[in-house]
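S.K.: There's a structure below that I have some questions on.
The values are calculated or read from the model by the stated rules, or taken from the named source; none is laboratory data. Just so we're clear, the structure is a prediction, and the values are computed from it rather than from any experiment. Glycine also receives a Cβ, built like all others from the backbone with ideal geometry; neighbour counts cover every protein chain displayed.
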Amino acid sequence: MSTRKHVHKEAFSTSAERLFAILHTPRSIRQWWGAASAIVIPEHGGTWAATWGNDEDGPDYIAVATIRAFEPPRRMVLDNYRYYAKPGQLPFDTEFTRGFAVFPTSQSATLQVTQDGFPVGSEADEYYAACEKGWQDTFVGIRKFLNGPTAEAEIG
C-alpha cells in the first residue's frame with residue numbers, strides 16, 4: 001500500500017539533551033502534550049503510551065507504541081501503534097511510524113517529527129490534515145513547556 005508522511009520541524013532555544021528528554025519523560029509528556037497519563041520504558045524495544053481525557057477509566061484517546069529506536073539524545077522511533085479513540089476508529093487501516101529526530105546547533109536544537117503511514121487515498125485526508133494541525137499545536141505546547149518556570153525541575 002502506498003503511504004504518505006507528514007514532517008514538522010522547528011528550532012528550540014535549548015540543548016539537544018533537554019529537548020530529547022521531554023520526548024520520553026512521562027511528567028513532561030503530560031505537560032507539553034496535554035496527556036492525562038503517560039508511561040514510557042525508554043529503551044530499544046520499550047513502550048511509549050499516553051492517554052487523553054478526563055475519565056481515567058474511560059479515556060477519550062489512547063496511543064500505545066513500541067520504541068523501535070532509542071538513541072539519546074538524537075533519535076527515537078515509535079512503531080507498532082495501537083490507537084483507540086472514543087469517537088470511533090480510523091476509517092482506514094495502516095501501520096503508523098513516528099520518528100523524533102533532534103539536531104543540535106551551537107545555541108539550540110531542532111526537533112523534527114516524521115509521521116509516516118498515511119494512506120494516499122482520500123479516506124485519510126481529514127485525519128492527515130488534523131495531524132498537520134495537531135503537530136503545529138503540539139510544538140506550541142513544547143515551546144511553552146520549555147520556556148515555563150517548572151520545565152527544568154520536570155526533566156532534570
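S.K.: Mind checking whether some residue in the range 68-75 is assigned to a strand (DSSP E or B), surrounded by 15 or more Cβ atoms within 10 Å (Cβ to Cβ) and in contact with a Ser or Thr (Cβ under 7 Å, 6 or more places away or on another chain)?
M.R.: Within the range 68-75 (the criterion being assigned to a strand (DSSP E or B), surrounded by 15 or more Cβ atoms within 10 Å (Cβ to Cβ) and in contact with a Ser or Thr (Cβ under 7 Å, 6 or more places away or on another chain)), the answer is no, since none of the residues qualifies.
S.K.: Name the single residue, out of those in the range 1-36 being aliphatic (A, V, I, L, M) and in a loop (DSSP other than H, G, I, E, B), that is surrounded by the most Cβ atoms within 10 Å (Cβ to Cβ).
M.R.: Only one residue fits best here, namely A35.
S.K.: Please work out which residue is surrounded by the fewest Cβ atoms within 10 Å (Cβ to Cβ), limiting yourself to the range 37-52 and to residues that are closer than 23 Å to F92 by Cβ and over 11 Å from the mean Cα position of the chain (by Cα).
M.R.: W52
S.K.: Still on this structure: All but one of (1) in contact with a strand residue (DSSP E or B) (Cβ under 8 Å, 6 or more places away or on another chain); (2) crowded, with 17+ Cβ neighbours inside 10 Å hold for F103; state the number of the condition that does not hold.
M.R.: The single condition F103 does not satisfy is (2).
S.K.: List every residue pair whose Cβ atoms sit under 8 Å apart, with the two residues 6 or more apart in sequence or on different chains, where the first one lies in the range 37-50 and is farther than 12 Å from V64 by Cα and part of a loop (DSSP other than H, G, I, E, B) and the second, anywhere, is of a type in the set (A, V, I, L, M) and at pLDDT 95 or above.
M.R.: Pairs found: P42/I67; E43/I67; H44/I67; H44/A69; G45/I67.
S.K.: Residues in the range 33-45: is at least one at pLDDT below 95 and out of contact with any Ser or Thr (no Cβ under 8 Å at 6 or more places or on another chain)?
M.R.: Yes, because at least one residue in the range 33-45 is at pLDDT below 95 and out of contact with any Ser or Thr (no Cβ under 8 Å at 6 or more places or on another chain).
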